[in-house]
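The values are calculated or read from the model by the stated rules, or taken from the named source; none is laboratory data. Note that this is a predicted model, so its numbers are computed, not measured. Ideal geometry is used to build each Cβ from the backbone, glycine not excepted, and the neighbour counts take in all protein chains shown.
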Amino acid sequence: MKVIIAVALLILIIGNIWAVDTDSYQFIDHLRALSRPGKPEIFEDGVLFTASSSHRRVGISFAHEGYAKVYWFKQLFIPRDPADFYVDGKRQKGLEPNVDTGILFHIETIPANLKNLDYRLIIDGLWTTDPANPITVMGPSGIMESRFPLPEKPKPHLDAVQPGTYRFVYRADPGEIITVAGSFNNWDPFMYELKEISPGFYTLTLPLPPGNFQYLFFHRGEQFIDPENSRRLYSREGRVVSEGQVASR
């Protein structure tokens, strides 16, 4: 029964998310763990905003886009417990299959070259600062804006740390197991595990022969291309993989 509930939740969330990688089960698990709306938070390469579903409609707009676009929050539902449909062995009619969690959400990919993410909300048709975020600043136009300080992103690692080696980097929740495999180890997903050098920041440097190679990260039983590496191609098996390059010594 838990499997059925999980699949139902997955389908529901995929149907409501537009700007998030819907292959990310980590994000789905994170949403399921939310108990109430709260202040903005970092999730992988994005900032997650939440609000109460008691509002009719909530939107968000960003200063770096000149407040020209509004992104409307999505409502988070979870499937109702199947046991709720039965009382004394009789199926109850009129119950909605999904339950409102009380949470509206939007996740925004972290823009490049920004130290702060300044924004305003539209709550039930009124522009306002974010009531869940205590940090506010005066914007260039004299209007108060909410501010979310962005963490410094690691530098791109497309080049090797030194000739003859390649540095793999991956970001996820703290305490995870991240491995990497590729054409350099016959795609064995268990051979090389990245080390968590700071909370949520994993890295591994390998000595590899000069030239190009293909690779993927493995996390929670799934495979992922490298989000920090724009070099991608199709493998012989037809899957999308990341491509690295090792310089000669």
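Residues in segment 230-246 that are among the basic types (Lys, Arg) and not in a strand (DSSP E or B): Arg231, Arg236, Arg239. Cβ-Cβ contacts under 7 Å between residues 6 or more apart (or on different chains), taken from a first residue in segment 34-46 that is within 20 Å of Arg120 (Cα to Cα) to a second residue that is surrounded by 14 or more Cβ atoms within 10 Å (Cβ to Cβ) and among the hydroxyl-bearing types (Ser, Thr, Tyr), are listed as Pro37/Thr50; Pro37/Ser52; Gly38/Thr50. Every condition in (1) assigned to a strand (DSSP E or B); (2) of a type outside the set (Lys, Arg); (3) at pLDDT 90 or above; (4) loosely packed, with under 15 Cβ neighbours inside 10 Å is met by Tyr166 except one, and the failing one is (4). If the condition is being at pLDDT 90 or above, under 18 Å from the mean Cα position of the chain (by Cα) and either exposed (fewer than 14 other Cβ atoms within 10 Å of the Cβ) or outside any strand (DSSP E or B) (or both), then segment 195-220 contributes only Arg220.
Checked against the criteria, Val240 counts as outside the structural domain of His30 (by TED's automatic domain parsing) and touching a Lys or Arg at 6+ places or on another chain (Cβ under 8 Å).
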